[in-house]
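Take a look at the structure below.
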Amino acid sequence: LLNANVDESLVREHDPEMLLAQGWVPVSREGNRTIVATCEPPTRELRETVRARLGPGAKINLRTTTPLDIERTIVLCFREHIVRRSTGELLARRPDLSAAGGWSPGQKRWVLAAGTLTVVGLLLQWQLTLVLFVMAANVAFLATVTFKLFACLVGLGFGARVSDASAERDDRRLPRYTVLVPVYREANVIGELMANLGALDYPAEKLEVLVLLESDDTETIVAARAARPPATVRLVIVPDAQPKTKPKACNVGLFLARGDLLVIYDAEDRPDPQQLRKAVAAFEKAGAKTICMQARLRYWNYNTNLLTRMFSLEYGYWFGTMLPGLDRMALPIPLGGTSNHFRVPELRALIGWDPHNVTEDADLGLRASVEGYRVGVIDSDTEEEACAELRPWIRQRTRWIKGYMQTALVHLRSPRRLVHQVGVVDAFGFLLLIAGTPVTFLLAPVMWAGTAAWYG
């Protein structure tokens, strides 16, 4: 009804965030009266709020509609604004923290100088140059592996502290919660997704689930509508714009979110039904500067083959000891791609996710640290499906390494500023973890070849 009769120019006279938060839109004018659609009870307070926005002498006629109609009208009228917010706001406001900016001039000069020095060294003293390279590679390996080992040892026995965040049971004290589920070309799991979301133990009146669908993914859209989602689930069609990435969809969801807290799940995730309550309790125990709680991830199909077993071992070490160790040492924590629970106002202050970074989750955890926030971990599991085939695994691992390289380049555009913002210890931990991980991956084949040549 709204979409057929709305005066878009009238709606655009107002701030979309304000309209979403207050739950009303001016639909049209009939003579000297403004027709206002609202999804809130038409109380005197609401009338005064609307009148203050339209002008002290404005005459209004309130008509009740649904929250979904309000949301769809705002998305329709502010499509360009939403696209700009979700794809370019970080680049516009903080270009120093956006991966879209690419290499800085200083980084280009350093790479050029290092490349030139290496070529000259190989031409003049190739044996000495190779020796120095092997020495540097070994030092990098030793430093990175030692740091990760130490963090894991610190994380052992840390379960007692993260598990003391017992689930909050008093429904009256629970905050509003938004669940974002970005979905793309996953029509085959929509039915299972709805079942998993329905298993979440949280009061329906305080829960909203936004399933984020790309406009060109008609198969998944049809499947989602056919699944008859419960009342807590809203299907959001993400405006078609580049880059077409998960973080862009999540930024659209953040724009529409009405919750005080927010969590991201992937379509195939099976979260612990108590996880939202545990996150609430954990936030209550944490300091005001804790912006995010990361739940553990594990694989439900770990027994499929050798590859899934290796994946399961890796996740066990990463989420079971590595992240708790980083938490205990108060070092920056790179987030996993799912089961990240956020405080919404602080997440909006961080401008959400970087749509140009392919590991936007890890980048966001480190960006939070740069801005003075902390990330914690909670004792709750989300089950995922591990890659069981070699080719998808290679693509996934390549994307992870590329994303870590992007994140390292972004935050090392000015090493001096990074040290000033987070301190020497945190900057050193970032260097060993985020920059050291892709370096060891890239150097490993060279080291293997050198070892084989030595013994050959």
For the chain, calculated [θ]222 nm from helices alone, where every DSSP H run of n ≥ 4 adds -39500 (n - 2.57): -16500 deg cm²/dmol
Estimated vicinal HN-Hα couplings, Hz - the stretch 265-270 in sequence order (Karplus 6.51, -1.76, 1.60; Gly, Pro = x): 10, 7, 4, 8, 5, 10
Distant-in-sequence amide H partners of ASN340 (H built 1.01 Å from N, under 5 Å): ILE264
Accessible area, probe 1.4 Å, largest first, for residues LYS244, LYS285: LYS285, LYS244
Ellipsoid semi-axes in whole angstrom, largest first, where each is sqrt(5λ) of the Cα gyration tensor of the stretch 319-456: 28, 20, 15
Net lengthening on full extension, VAL119/ARG416 (0.36 nm per residue, minus Cα-Cα): 104.1 nm
Between the stretch 236-265 and the stretch 94-158, the alpha-carbon center distance in angstrom: 35
For the chain: relative contact order, % (alpha-carbon pairs under 8 angstrom, 6 or more apart): 17
Accessible area of ARG93 in the full protein assembly, 1.4 Å probe (Å², nearest 10): 140
FRET E, pair VAL139, ARG225, Förster distance 45 Å, beta-carbon r, rounded to 0.05: 0.20
Size of electric dipole in the chain: Cβ of Lys, Arg +1 and of Asp, Glu -1, about Cα centre, debye, nearest 20: 1000
Placed amide H near VAL233: partners under 5 Å, 5+ positions off or other chain: VAL209
Computed E for ARG309/TYR455 - FRET, C-beta separation, R0 30 angstrom, nearest 0.05: 0.55
Under 5 Å, built H, 5+ apart or other chain: amide partners of ALA58: none
3J(HN,Hα) from dihedral phi, the stretch 222-235, Karplus parametrisation 6.51/-1.76/1.60, rounded to Hz, x for glycine, proline: 4, 5, 5, 5, 5, 6, 6, x, x, 4, 6, 9, 10, 8
Using alpha-carbon coordinates, inclination of helix 44-54 to the longest axis of the chain, degrees: 70
Net charge dipole size for the stretch 217-336 [Lys, Arg +1 and Asp, Glu -1 on Cβ; Debye, nearest 20]: 240
Sites GLU346 and LYS244, calculated FRET efficiency, Cβ-Cβ separation with R0 45 Å, nearest 0.05: 0.95
Extension gain from ASP216 to HIS81, taking 0.36 nm per residue of separation minus the Cα-Cα distance: 46.6 nm
Most positive-pole-ward Cα, LEU412, LEU326, LEU366, against dipole of the stretch 289-418 from beta carbon charges: LEU412
Label point at SER104 placed 7 Å out along Cα→Cβ; residues across the stretch 384-418 whose backbone nitrogen lies under 13 Å: 408-418
Stretchable slack from LEU149 to LEU390, in nm (0.36 nm times residue separation minus alpha-carbon distance): 84.0 nm
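The values are calculated or read from the model by the stated rules, or taken from the named source; none is laboratory data. Everything numeric in this text was worked out from a predicted model, so none of it was measured. Here the Cβ is made from the backbone with ideal geometry for all residues, glycine too, and neighbour counts use every protein chain on show. In case anyone asks, the SASA skips ligands and DNA or RNA and just uses the protein heavy atoms, side chains included. Shrake-Rupley method; radii C 1.70, N 1.55, O 1.52, S 1.80 Å.
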